[in-house]
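Asks: Just passing along the structure, written as structure tokens.
The values are calculated or read from the model by the stated rules, or taken from the named source; none is laboratory data. Note that the structure is predicted; figures quoted are calculated from it, not measured. Cβ sites come from the backbone with ideal geometry, for glycine too, and all protein chains shown count toward neighbours. To get the accessible areas, we keep the full protein, side chains included, count just its heavy atoms, and leave off ligands, DNA and RNA. Shrake-Rupley method; radii C 1.70, N 1.55, O 1.52, S 1.80 Å.
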Amino acid sequence: MCELLGICFNKKVNVELTLNSFKKDSEMHPNGWGIAFYPDEFVRVIKEPIKMNDALLPRCINWNNIKSKIFIAHIRKASTGSESYVNTHPFVRKLDDKEIVFAHNGTLLGYEDLELDGYYPIGETDSEYVFCYMLSQIEKREITWDKEGFDELLDILLDINYYGAFNCLFSDGEYLFAYRDCKGRRDLHFLKRKPPYGKIRLKDEDYVINLGDVKNVSEEGFIIATNPLTNENWESFENGELIVFKNGEMIYSNKRLTDLELKILKILRESPHRVSLRKIIENIRNSYRNIEYTSHMVKIGIKSLLDKEYIKQDSTDSVDWDDLEATFYTRKGKRTVIDKILREFSWKYSKKYLR
């Protein structure tokens, strides 16, 4: 079994602390290691078909000097394909003008039934094959990164998942996608790391570090890992859950309300009147200043809440839901549930640290 690591933050960060904890498991995953990151619009990939703990290259790199908003790392225990560079994760392909990086945990059988078109593997692994299939389908269906596109992407991932255990991470440098096997045959966890930063203990070690000494108070984001890496409050992905992250924020999930959606609900519940999309965007940007919220991100949250039937667009509107003048309010029958959820949300994210 392989292990995955993903990072998505609001600012460029270094990965040294998290990577050191992650590579402890390389003794059980001796067939290769790799890491991908985006210091600019192009991806950089460093990988070797040997055990990470035995490799000289990671010791020669000053990880403090490598910074990116997004990282994907993988340590490999081979199930298909030889121990070689071309079979080592992460894999990279170009889709339109974006470089997509991909890593997989699990074993698939019969996956050759999936028809490729335009993207083909170089190596022998099931992982690279289904990566090529996924890209072929994204291109064929002309999928864009919005709520409908994420739903359609989930369908593609479920088609792949039919052939066996399938956890994966992938990114285009702007979005980080994380998916857990629909039957839960592989674990996957995430952690929201945000100020105030305190002391943490690395997994299986007596080593304690004060994050406040190494983290900037403006940094926040998510870490995704096969298994928890620290003694912090990690959460488990649900079976068959796809989560999409951007700028250090969770912006889509097919299984849960994201933090972005909860922030939108909070704005609507605190207003005595319907609220325009323009005002929602302005309110979120002013109240949660650490994250760079684009209009597109907020629209993804609005569409998700409409589809989940937590909110409604006002019937007197003469514009489409995604127009800045469109107005929204919470559904009357959902307000008791929403208020309960928001009380838990407010407890989790104290107002003291929102600005």
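Asks: Considering every residue within the range 64-76, establish whether at least one is under 21 Å from the mean Cα position of the chain (by Cα), within 20 Å of residue 6 (Cβ to Cβ), outside any loop (DSSP other than H, G, I, E, B) and of a type in the set (S, T, N, Q).
Replies: Checking the range 64-76: at least one residue is under 21 Å from the mean Cα position of the chain (by Cα), within 20 Å of residue 6 (Cβ to Cβ), outside any loop (DSSP other than H, G, I, E, B) and of a type in the set (S, T, N, Q).
Asks: Consider residue 45 carefully, then state whether it is modelled with pLDDT of 95 or more, more than 24 Å from residue 164 (Cβ to Cβ) and touching a Pro at 6+ places or on another chain (Cβ under 8 Å).
Replies: yes
Asks: Hey, another quick one. Can you tell me which residues in the range 49-82 are open to solvent by 40 Å² or more (accessible area, probe 1.4 Å) and touching a strand residue (DSSP E or B) at 6+ places or on another chain (Cβ under 7 Å)?
Replies: Of everything in the range 49-82, those that are open to solvent by 40 Å² or more (accessible area, probe 1.4 Å) and touching a strand residue (DSSP E or B) at 6+ places or on another chain (Cβ under 7 Å) turn out to be 57, 67, 69.
Asks: Kindly evaluate residue 308 against the criterion of being of a type in the set (Lys, Arg), touching a residue at least 24 places away in the same chain (Cβ under 8 Å) and touching a helix residue (DSSP H, G or I) at 6+ places or on another chain (Cβ under 6 Å).
Replies: Here the answer is no, as residue 308 does not meet what is asked.
Asks: Okay, moving on. Can you work out which of the residues in the range 186-202 that are over 17 Å from residue 169 (Cβ atoms) and part of a loop (DSSP other than H, G, I, E, B) is farthest from the chain's Cα centre (by Cα)?
Replies: 198
Asks: Another question, if that's okay. Conditions first: (1) closer than 19 Å to residue 9 by Cβ; (2) not in a strand (DSSP E or B). Residue 129 passes all but one, so which condition is the exception?
Replies: (1)
Asks: Please enumerate the residues belonging to the range 92-112 that are buried (at least 18 other Cβ atoms within 10 Å of the Cβ) and closer than 24 Å to residue 184 by Cβ.
Replies: Listed by number, the residues that qualify are 102, 103, 104, 105, 106, 107, 108, 111.
Asks: Right, something else. Given the residues 115, 128, which is the only one that is over 30 Å from residue 307 (Cα atoms) and touching a Phe, Trp or Tyr at 6+ places or on another chain (Cβ under 7 Å)?
Replies: Of 115, 128, the one residue that is over 30 Å from residue 307 (Cα atoms) and touching a Phe, Trp or Tyr at 6+ places or on another chain (Cβ under 7 Å) is 128.
Asks: Same structure again: Yes or no: residue 140 assigned to a strand (DSSP E or B), without any contact (Cβ under 8 Å) to a residue 60 or more places away in the chain and of a type in the set (D, E, K, R)? Give the derivation first.
Replies: On the way: assigned to a strand (DSSP E or B): no; without any contact (Cβ under 8 Å) to a residue 60 or more places away in the chain: yes; of a type in the set (D, E, K, R): yes.
So residue 140 fails the test.
Asks: Quick one: would you say residue 343 is in contact (Cβ under 8 Å) with a residue 60 or more places away in the chain and surrounded by fewer than 17 Cβ atoms within 10 Å (Cβ to Cβ)?
Replies: No: the conditions fail for residue 343.
Asks: Are any residues in the range 113-137 open to solvent by 30 Å² or more (accessible area, probe 1.4 Å), over 15 Å from residue 91 (Cβ atoms) and touching a helix residue (DSSP H, G or I) at 6+ places or on another chain (Cβ under 7 Å), and if so, which ones?
Replies: 117, 118
Asks: If you check residue 83 against the conditions, is it charged (D, E, K, R), within 21 Å of residue 157 (Cα to Cα) and in contact (Cβ under 8 Å) with a residue 24 or more places away in the chain?
Replies: Values: charged (D, E, K, R): yes; within 21 Å of residue 157 (Cα to Cα): no; in contact (Cβ under 8 Å) with a residue 24 or more places away in the chain: yes.
No; evaluated as a whole, the condition is false for this residue.
Asks: Now for a separate question. In the range 228-239, is there at least one residue being closer than 30 Å to residue 185 by Cβ, touching a helix residue (DSSP H, G or I) at 6+ places or on another chain (Cβ under 6 Å) and not polar (S, T, N, Q)?
Replies: Within the range 228-239, one or more residues are closer than 30 Å to residue 185 by Cβ, touching a helix residue (DSSP H, G or I) at 6+ places or on another chain (Cβ under 6 Å) and not polar (S, T, N, Q).
Asks: Report, ordered by the first and then the second residue, all pairs with beta carbons closer than 6 Å, sequence separation of six or more or different chains, a first member in the range 53-70 that is under 18 Å from residue 40 (Cβ atoms), and a second member that is small (Gly, Ala, Ser).
Replies: 70/171
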